[in-house]
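Reviewing the structure listed below.
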Amino acid sequence: MTQVLHTPPPAPVTAEDDLAALAARHGLSVSGARPSLPQYIRQLWARRHFIVAFATAKLTAQYAQAKLGQVWQVMTPLLNAAVYYFIFGVLLGTKRGVPDYIPFLVTGVFIWTFTQSSIMVGTRAISGNLGLVRALHFPRAALPISFCLQQLQQLLFSMAALVVILLCFGVPVSASWLLAIPALILQFTFNAGFAMIMARWGAKTPDIAQLMPFILRTWMYISGVMWNIDKLTKNHHGLPSWVNPVLKDNPAAVYIDLMRFALIDSFHAGQLPPHVWIVATVWALVVGVGGFIYFWKAEETYGRG
């Protein structure tokens with residue numbers, strides 16, 4: 001007695017299968033498909049000149065309609081610092097016991113503004129540039145990175161005013177000022193990663209841009225922009241012991257403290273969190289690299305829907 005095995009007939013070949021095979025044979029791919037991570041990085045690097053030019057053009061156009069023009073790049077953070085000095089330094093007395101309070105405050109305001117502005121423009125990087133995203137093919141990470149570069153350029157203009165303030169208040173020029181360079185590189189890496197995270201969220205939910213100012217304002221108040229975190233926590237004896245290290249190790253406070261340590265001689269190493277450079281590097285790598293990968297994973301969705 002023989003047993004006959006019946007195999008199912010092969011599935012019919014459809015026109016879609018023929019087209020897919022034809023496209024694969026000629027090296028064609030789906031339009032807007034996400035490239036591999038190494039390929040994406042190479043595409044981004046190939047467009048580095050566009051990123052710099054786009055950031056510079058945005059910076060130039062930002063105050064083009066104002067009569068004072070680019071002067072507002074310096075005046076805006078200086079006016080913010082003046083307001084904070086009157087409210088917190090004079091009315092609330094946070095300047096008491098803080099040497100070189102005005103350089104301390106202005107440095108904090110400038111460095112915080114860099115992070116705050118990078119996150120805000122990153123949130124709208126995709127949703128606010130849909131025409132560009134839909135019209136041209138380029139790695140979308142170029143947008144949040146270029147906006148962060150624009151904020152870095154603006155910070156460098158402000159730093160010129162900060163140097164004048166430091167000198168006017170008797171802060172001497174020292175070799176430690178060179179530490180501002182690695183501190184800014186780490187902060188820029190952190191800001192760009194955070195901006196890419198927010199760009200992906202903002203592309204899917206544009207309303208998040210309306211919520212961010214409230215979150216960032218709260219973050220600013222707990223980051224020691226206007227006051228010394230050590231003195232604040234010591235004056236409130238009822239606070240748990242973990243509050244001080246948590247406040248000082250938050251990334252905004254870390255980068256502000258690093259810049260104060262680099263530029264202000266009265267802000268000594270004892271006021272820094274333990275292993276502050278390690279903390280700053282970890283924040284930059286985790287958020288910078290993690291944010292880049294997180295943004296890349298949704299590359300094919302930007303500008304659709």
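Where does the Debye-calculated log10 I(q)/I(0) of the chain sit at q = 0.10 Å⁻¹, using only Cα point scatterers of equal weight, no solvent? Result of the Debye calculation: -0.63.
Think of the chain as having a plus end and a minus end, set by charges on the Cβ of Lys, Arg, Asp and Glu; of Ser127, Gly291, Ser36, Ser127 sits farthest toward the positive end of this dipole.
What is the local net charge at Ile102, summed over the other residues whose Cβ is closer than 15 Å to its Cβ (Lys, Arg +1; Asp, Glu -1)?
Working: positive: Lys95, Arg96, Arg260; negative: Asp100, Asp265.
With Lys, Arg at +1 and Asp, Glu at -1, the net is +1.
Modelled spin labels at Lys204 and Ser266, positioned 7 Å past Cα toward Cβ, are 4.8 nm from each other. What is the angle, in °, between the Cα long axis of helix 142-168 and the longest principal axis of the Cα atoms in the chain? Nearest 10 is fine, range 0 to 90. Long axis of 142-168 versus the principal axis of the chain: about 10 degrees. For Val243 and Ile215, the FRET efficiency from 1/(1 + (r/R0)^6), where r spans their Cβ atoms and R0 equals 25 Å, is about 0.80. With each label modelled as a point 7 angstrom along the Cα→C-beta vector, the Arg48-Leu285 pair spans 2.2 nm.
Packing order of peptides 290-298, 52-60, highest average first: 290-298, 52-60 (average count of other Cβ atoms within 10 Å over each peptide's residues). For region 133-245, what does the alpha-carbon gyration tensor say about shape, rounded, prolate or oblate, given a ≥ b ≥ c as the root eigenvalues, a/c under 1.5 as rounded, and a/b over b/c as prolate? Because a/c hits 1.5 or more and a/b fails to exceed b/c, region 133-245 counts as oblate. Against the longest alpha carbon principal axis of the chain, how many degrees, from 0 to 90 and to the nearest 10, is the axis of helix 48-62 turned? Helix 48-62 sits roughly 50 degrees off the main axis of the chain.
A cut-off of 5 Å between modelled amide H atoms, ignoring neighbours fewer than 5 places along the same chain, links Asp265 with no other residue. For region 122-129, backbone phi angles converted through the Karplus equation (6.51, -1.76, 1.60; θ = phi - 60°) give residue-by-residue couplings of x, 4, 9, 4, 8, 5, x, 9 Hz, Gly and Pro being listed as x. Solvent-free Debye calculation, one equal scatterer per alpha-carbon of region 225-305: log10 I(q)/I(0) at 0.13, 0.22 Å⁻¹ equals -0.55, -1.03. Angle between the Cα long axis of helix 37-46 and the longest principal axis of the chain, 0 to 90 degrees, nearest 10? Result, in degrees: 60.
Ala298: net charge of surrounding residues, Cβ under 15 Å, Lys/Arg +1, Asp/Glu -1, itself excluded? Surrounding charge for Ala298 is +4.
Gain in length, Glu300 to Trp177, computed as 0.36 nm per residue apart minus the alpha-carbon separation, to one decimal in nm?
On the way: separation 123, 0.36 × 123 = 44.28 nm, distance 4.29 nm.
Full-extension gain reported as 40.0 nm.
If you sort the three axes of the alpha carbon gyration tensor as a ≥ b ≥ c, you get a/c of 1.5 or more for region 56-208 and a/b above b/c, which makes it prolate.
When the helices in the chain are scored as -39500 (n - 2.57) per DSSP H run of 4 or longer and the sum is shared across all residues, what 222 nm value do you end up with, to the nearest 500 deg cm²/dmol? Present the calculation step by step, with values, prior to reporting the outcome.
On the way: 13 runs with 192 residues, N = 305.
Computed ellipticity for the chain at 222 nm equals -20500 deg cm²/dmol.
Taking label positions 7 Å along the Cα-Cβ direction at both Leu92 and Lys234, the computed distance is 1.9 nm, reported to one decimal.
Taking region 242-274, which chymotrypsin sites (Phe, Trp or Tyr not before Pro) meet the DSSP loop condition and have no more than 13 other C-beta atoms within 10 Å?
Numbers: sites: Trp242, Tyr255, Phe261, Phe267; in loops: Trp242, Phe267.
In loop regions of region 242-274 (DSSP not H, G, I, E or B), the sparsely surrounded chymotrypsin sites (Phe, Trp or Tyr not before Pro) are Trp242.
Since every read-out is calculated from the coordinates, none of them should be taken as a lab result. If you're wondering where the values come from, they're calculated on a predicted model, not measured in any experiment. Glycine gets a Cβ as well: all are built from the backbone with ideal geometry, and neighbour counts include every protein chain shown.
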